[in-house]
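For reference, the structure is listed below as structure tokens.
The values are calculated or read from the model by the stated rules, or taken from the named source; none is laboratory data. Please read all numbers here as calculations on a predicted model, not as lab measurements. When we count neighbours, we look across all protein chains shown, and the Cβ atoms used for this are built from the backbone with ideal geometry, even at glycine. Only protein heavy atoms, including side chains, enter the accessible area calculation; ligands, DNA and RNA are left aside. Shrake-Rupley method; radii C 1.70, N 1.55, O 1.52, S 1.80 Å.
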Amino acid sequence: MVHIPILRHGQPYKSLDVSVVRHHQTREPFVEISQANAGLIRKDLRNQQAAREKLAKFSTAELLDICSRAAESFLNGSLPIGDAEQTPEDYVHQVSATTGMPHVMARRNMTKIHAALAEAGNVLNGLTRNLDWELLDQGFGELEGKPLSFYPRTDSLGVVLPNNSPGVHSLWVPSIPLKIPLVLKPGSAEPWTPYRIIQALIGAGAPPEAFCFYSTGHAGSGEILSRCGRGMMFGDAGSTGVWANDPRIELHGPGFSKVVIGADCADDWEKYLDVMVSSVLNNGGRSCINASGIWVTKHAEKISEALAERLAGVGPRAADDPEAQLAPFADPAVATRISQLIDHGLAEPGVREVTAEHRSGERVVELNGCKYILPTVLLCENSDHGMANREYMFPFVSVVKVTPDQLPETIGPSLVVTAITADPKLIRDLVTSANVDRLNIGAVPTTQITWDQPHEGNLFEHLYGRRAFQRAVAV
Amino acid sequence: MSTAQQTLQTKIQTVKDTLDAWVREVVAWHFDPATGCPFWLNYASRLDWDPRKEIHNYADLEKLGPFQDEWLRGGPVRRWVPKGYEGRPVYTFETGGSTGVPKSRINIEDFRLDYEAFSETLPDEYFPKGADWLSLGPTGPRRLRLAVEHLAQYRGGICFMVDLDPRWVIKLLKMGQPKMAEAYKQHVIEQGLTLLKAHDNIKCLFTTPKLLEALCEKVSLKKLGITGVFCGGTEMTPQFHRFAVEELMEGAYFAATYGNTLMGLAVHKPREVEDNYAVIYYPPSPRAMIEVVDPDNPDRVVDYGATGRVRLTTLTKEFFMPRFLERDEAEREPPCEQYPWDGVRNVRPFSKLQANVVEGVY
């Protein structure tokens, strides 16, 4: 069995406390992961400055070169995984084994991470709005004749990571070219991706001291977030809530991403069906950028019917099937529980499941011993309904009836909004809405991202502060 | 069978005989109207048999059935005081008081006797006679508070103390105030540090795993002159054991213990490479025994190496507690040369009850 060690500033450490993750299908033990005790984390994080100094010796351009080389080895190379070697195919199979994600999706996510590393320069340009990289190296300089100076707010970035999709790991990658060491706590079932990215970066020349990798429990996660000057946390509302008032921590909770169709485009809804389907279905509906709501002012019944018809054609397939679009739940009991929650919500008047009429059996189905939840489309009569703003880790969407004057106030916090409208007022209201994080105007799937745009906060601004700066000419 | 094995078997049998004889003596004491306590005398009055006549050995304790947790909650606490000790000063120690009525155990001298026996297991090289101690652990109505002080005094030292109320820590965590709990921990640590810096003769430390980590974060034990650490009070994992020895002790001796108010103190088997930092405890036979039983059939002791629920039996003239099911689980450990009776390996909260337990908060 593969063993994944802790990395203490790059040094592998095999703990006596290990968690064993089972293969989602066979339920056999598949990987053993060393668990870090909270005291060990605290001890390591006492001296974060040394790691930062190691990284700061490199120029931004050098670190971007490292990212570029790491991109290739991440995608195509054999990299260490504990005492073993991991080929790209091993990686795909391993991610699939512990998360249930079909191979085709794991490969797609792999290319996403490859792009994040290969395009790290563009990402950095997007985050810094094209600052001269030498200005970052020196800490001060000029932009359009004006003096500028930035300082690191922290000696490390602590990240508590999720299990849902490898693609999210592209979010913390820029920390390395930004010269901020990483302290990562992987998701309990998905240690593969962060470990492989770290190995790719070390192999490409990044200093090992810049990487701590601690699989750990709740207490250890808390230590990471409280002891790193800046943090990111992925999790549900319950786990992220504890850190809600801590400005040092960037929270990545549920996305509640949406497609909003303005009254001006409502009659043409059929033209946008593909955008709606891909927003719900891409990546198995596992991402926070997948749409879980489609908010419309007209034709809600027709839209929900058309969506249900399209999504009802999507069923479970084997993990190695290149056409697979759904992922089974790594823990089969979770599938049953989620389906029961949906049934409970459906008991409240004002909502119905449209997909129920388009399938012959139950919402939860089994294939090769794995449990899947079939794509589910609900029709909500109003935005106050308890099922109007729900998100689950499978293709689930509520088509919600609203009046034009309810937009965008009623949509609530939404990570991505694709607004299909040319109405200047609605666009203006969305642009000024604090509830909207990423905004797409027009027929752009919610799942489509560009590397030069920040996602859920700007990592550069999270890690660096700008100071007032003046320099006497004679100096 | 090798000579070593034969010697061990002989020791095991001797210990078993001693235990059986001690059981007869303790049962005779607790069920004798002249010496026993009201609780057990009342209990016996409802039986149609006489424990003094029917209980001949340790295994016969089964006839009394399991000891109920609820019997120790609430008063009158005097029903537990043996008549044989009438007129002696009585202490009451508490456990499990985070919510509701705590369990109480009366004490007269047991804590002293237990810790004097434990003292014999501490190496003088690391816990020097005459050295002073710092006790950085739970205080209040807990046995530990007086027991550690007695241990220090018994070894010729003076014990410095810091207040710590674990029930308040649990309450803070339940109220969703981890930062306040952390602040309280730091408050305790700072007081400990002040004492350690002010008193050069403090060479021995009692503390809990979490407080030990927190203390070592601030200061080097070696620089402070600490040579021996007696650690217990909460769950200890093999990984913590290793971390403490490899990264916190800096050459000081690490004595892990498992104990509670009801049983007393179990000592840690001296560290051996093949144990790979497993935390192995042996109870102070014959004054207390620990067994590992099938959770679904607590009358059945599991095989060596198998996992089960911890069952305690306390056998002293002050307190008789046969077959009490603890809120812990462990693996059953075979007798060893130094402790030729059953032990337990890697004690941790009983998984079936874990959802309700806030463990190791201090």
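Compare the Cα positions of A:GLY82, A:GLY284, A:VAL436 along the charge dipole of chain A (+1 at Cβ of Lys, Arg; -1 at Cβ of Asp, Glu; about the Cα centre) and return the one farthest towards the positive end.
A:GLY82
In chain B, what percentage of the DSSP-assigned beta bridges are antiparallel, given to the nearest 5? List each step's numbers first, then the result.
On the way: 34 of 51 bridges.
Among the beta bridges of chain B, antiparallel pairing accounts for roughly 65 percent.
Please compute the alpha carbon radius of gyration of the range A:1-119, then divide it by the globular-protein estimate 2.2 N^0.38 Å. Two decimals is fine.
On the way: Rg = 16.7 Å, N = 119, 2.2 N^0.38 = 13.5 Å.
Scaled against compact globular proteins, the figure is 1.23.
Please name whichever of A:SER149, A:PRO322, A:HIS93 sits farthest to the positive end of the charge dipole of chain A, dipole taken about the Cα centre and charges placed at Cβ: Lys and Arg +1, Asp and Glu -1.
The Cα lying farthest towards the positive end belongs to A:SER149.
Can you compute the modelled spin-label distance between B:ASN201 and A:SER278, with each label point 7 Å from Cα toward Cβ, in nm?
8.1 nm
So for each of A:270-279, A:235-244, B:215-224, A:34-43 I average, over its residues, the number of other beta carbons within 10 Å; can you give me the resulting order with the highest mean first?
Per-residue mean Cβ counts within 10 Å order the peptides as A:34-43, A:270-279, B:215-224, A:235-244.
Once the Cα atoms of the range B:3-356 are picked out, what are the Rg and Dmax in Å?
20.5, 64
What does the convex hull of the Cα atoms of the range A:257-441 come to per residue, in Å³, rounded to a whole number?
It is 108 Å³ per residue.
Can you tell me the length gained on complete extension of the stretch A:ILE427 to A:LEU439, counting 0.36 nm per residue apart and subtracting the Cα distance?
Roughly 3.4 nm would be gained on extension.
Determine, from the Cβ-Cβ distance of B:ALA4 and A:GLU89 and an R0 of 51 Å, the FRET efficiency 1/(1 + (r/R0)^6), rounded to the nearest 0.05.
Result of the calculation: an efficiency of 0.45.
Label points 7 Å out from Cα along the Cβ direction at A:ALA50 and A:THR336: separation in nm?
So the label points at A:ALA50 and A:THR336 sit 5.1 nm apart.
At a Cα cut-off below 17 Å, give the aspartates and glutamates reachable from A:LYS54, other chains included and same-chain residues fewer than 8 away excluded.
Straight-distance partners of A:LYS54: A:ASP44, A:GLU62, A:ASP65, A:ASP137, A:ASP155, A:GLU209.
Pull up the cross-link candidates among the lysines for A:LYS425, meaning alpha carbon to alpha carbon under 25 Å and not fewer than 8 places away within one chain.
A:LYS258, A:LYS271, A:LYS298, A:LYS401
So what is log10(I(q)/I(0)) for the protein assembly as shown at q = 0.08, 0.09, 0.11 1/Å, when the Debye sum runs over its Cα atoms only?
Cα-only, vacuum Debye calculation for the protein assembly as shown: -0.85, -1.00, -1.25.
For the range B:181-211 and the range A:342-361, what is the centre-to-centre distance using only Cα atoms, to the nearest Å?
Taking the Cα centre of the range A:342-361 as reference, the centre of the range B:181-211 is 59 Å away.
Return the subset of A:LYS57/B:LYS218; B:LYS129/B:LYS197; B:LYS129/B:LYS269; B:LYS179/B:LYS223; B:LYS63/B:LYS83; A:LYS185/B:LYS197 for which the Cα-Cα distance in this structure is over 32 Å, preserving the input order. List each step's numbers first, then the result.
On the way: A:LYS57/B:LYS218 29 Å; B:LYS129/B:LYS197 20 Å; B:LYS129/B:LYS269 22 Å; B:LYS179/B:LYS223 29 Å; B:LYS63/B:LYS83 24 Å; A:LYS185/B:LYS197 36 Å.
Too far apart for the 32 Å limit: A:LYS185/B:LYS197.
Per residue of A:16-24, what is the mean number of Cβ atoms on other protein chains within 10 angstrom of that residue's Cβ?
Neighbouring Cβ atoms belonging to other protein chains average 2 per residue here.
What's the FRET efficiency of A:LYS57 with B:GLU182 using the Cβ-Cβ distance as r and R₀ = 41 Å, to the nearest 0.05?
Step by step, r from the Cβ atoms, then E = 0.75.
Over what distance in Å are the Cα centres of the range B:246-321 and the range A:244-310 separated?
57 Å
So how do A:112-125, B:32-45 stack up, highest first, on mean other-Cβ count within 10 Å?
Sorting A:112-125, B:32-45 by mean packing, highest first, produces A:112-125, B:32-45.
Total Å² of accessible surface buried at the A-B contact, 1.4 Å probe, nearest 100?
1300 Å²
So which aspartates and glutamates can B:LYS16 reach, going by Cα to Cα under 17 Å and dropping same-chain residues fewer than 8 places off?
Cross-link targets: B:GLU25, B:ASP60, B:GLU62, B:GLU291, B:GLU333, B:GLU337, B:ASP342.
Two decimals, Cα atoms only, Kirkwood Rh: what is Rg/Rh over the range A:95-225? Mind dumping the intermediate values first?
Details: Rg = 16.5 Å, Rh = 16.1 Å.
Radius of gyration over Kirkwood radius for the range A:95-225 works out to 1.02.
Let me confirm one metric for peptide B:171-179, namely the mean number of other chain beta-carbon atoms within 10 Å of its residues' beta-carbons.
Average neighbour count from other chains, rounded to a whole number: 1.
Let me confirm one metric for peptide A:33-44, namely the mean number of other chain beta-carbon atoms within 10 Å of its residues' beta-carbons. Please report the intermediate quantities before stating the final value.
On the way: counts 0, 1, 2, 2, 8, 4, 13, 7, 0, 4, 6, 1.
Mean shielding by partner chains, rounded to a whole number: 4.
Beta carbons within 10 angstrom, averaged per residue: use that to sort the peptides A:379-385, B:116-122, A:153-159, highest first.
For the peptides A:379-385, B:116-122, A:153-159, the packing ranking is A:153-159, A:379-385, B:116-122.
Any idea how far the Cα center of the range A:13-60 sits from the one of the range A:365-391, in Å?
One Cα centre to the other: 35 Å.
For a Förster distance of 22 Å, can you work out the FRET efficiency between the beta-carbons of A:ALA468 and A:ASP137, rounded to the nearest 0.05?
Step by step, r from the Cβ atoms, then E = 0.65.
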